[in-house]
Amino acid sequence: MKLLYSYHDSLGPVGRSITADEAYGSPRPTPRDPRGERPWVGMCMVAGIDGSTVVNGSSQALSGDADRSVLVALRRAADTVLVGAGTVRDEGYGPPSKPGQRIAVVSRSGRVDVSTPLFASGAGYLVSSDTAGLYAMVASLGGPFVQLEGGAGLNASLTDADVVDEINLTISPNVTGGNGPRLTRGASDVLQRFDLHHILEDDGFVFLRYVRRR
């Protein structure tokens, strides 16, 4: 990947090649959180040029090698992955490759197949999506950095709860059409300011990292 813009000199000069681990593997700060202590929450998503996050119900067609390398780097940095049950099912989640990492699966109904390899491995576990308890749920997750991997409804709930500190968005060089969801479909009207941290490019894919303004 090529670095097109960097807010911090630590990523090196603009125009150089950079690895996903260099760009995304640094420790996260303590979040801006007046209510108490909770992990830093980073959302990771891919979307087409016209905004949809899925094609035929899955994000896989929008992805590419560089996008997958970003996802892997972020998962290596994360202590816990937080993801909706529908995304786990549609994307075929299995056990994490990082030793000790947990996958917190959010379900409204609790009707989840816990016989899959993800749950059988002991890494996957169910958490409640009760809107009133979202902050407490996030605060209870393990480690200082939680990777939020959608889907759009879960992203919306955590945006409404004002606990998203970082957004890592891949713009896929594809127009998808259809009525696929945006990143935070169903969220209330909000105006939360994020600062652009960096821009990377690889084979037409653009990688944006935004950090919540303190």
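The values are calculated or read from the model by the stated rules, or taken from the named source; none is laboratory data. As the structure is a prediction and not an experimental result, all values here were calculated from the model. As a convention, Cβ positions derive from the backbone with ideal geometry for all residues, glycine included, and neighbour counts pool all protein chains shown. Side chains included, ligands, DNA and RNA excluded: accessible areas come from the protein's heavy atoms. Shrake-Rupley method; radii C 1.70, N 1.55, O 1.52, S 1.80 Å.
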_For the chain, built as a Gaussian network whose Cα springs stay under 10 Å, the top-fluctuating residue of 114, 14, 190_ = 190
*Find the relative contact order for the chain and round it to a whole percent, using C-alpha pairs within less than 8 Å whose residues are 6+ positions apart.*
30
*Would you work out what percent of the accessible area of the chain, with all protein chains in place, is carbon or sulfur (probe 1.4 Å)?*
51
_Hz values of 3J(HN,Hα) by residue in segment 81-87 - Karplus curve (6.51, -1.76, 1.60), Gly and Pro given as x_ = 9, 10, 8, x, 4, x, 5
_Once each part is reduced to its C-alpha centroid, what is the distance from segment 13-74 to segment 101-153 in angstrom?_
18
*Which whole-number percent is the relative contact order of segment 1-65 (Cα, under 8 Å, 6+ apart)?*
17
*Once fully extended, how much extra length lies between residue 193 and residue 130, figured as 0.36 nm per residue of separation less the alpha-carbon to alpha-carbon distance?*
20.1 nm
*Separation of the residue 89 and residue 58 label points, Cα + 7 Å toward Cβ, nm*: 1.5
*asked:* For a quick check, take a GNM of the chain with Cα springs below 10 Å and name the residue from 101, 192, 147 with the largest mean-square fluctuation.
replied: 192
*Fluctuation leader among 107, 129, 188 - the chain, Gaussian network, Cα springs under 10 angstrom*: 188
*asked:* Can you tell me, using C-alpha contacts under 8 Å and at least 6 residues apart, the relative contact order of segment 77-184 as a whole percent?
replied: 32
*Please calculate how many Å² of accessible area segment 1-81 carries per residue, with a 1.4 Å probe and no DNA, RNA or ligand atoms counted.*
51
*asked:* In Å², and per residue, what accessible area does segment 163-214 have when probed at 1.4 Å with the other protein chains present?
replied: 55
*Is segment 74-147 best put as rounded, prolate or oblate by its Cα gyration tensor, with a ≥ b ≥ c the root eigenvalues, rounded for a/c under 1.5, and otherwise prolate when a/b is larger than b/c, oblate when not?*
oblate
*Can you figure out the FRET efficiency of residue 16 with residue 214, using R₀ = 41 Å and their beta-carbon distance, to the nearest 0.05?*
0.90
*Pairwise label distance in nanometres, residue 114 with residue 98, each label 7 Å out on the Cα-Cβ vector*: 2.5
*Taking H placed 1.01 Å from N in the peptide plane, check which residues at least 5 places from residue 148 or on another chain put their amide H under 5 Å from its amide H.*
42, 43, 44, 82
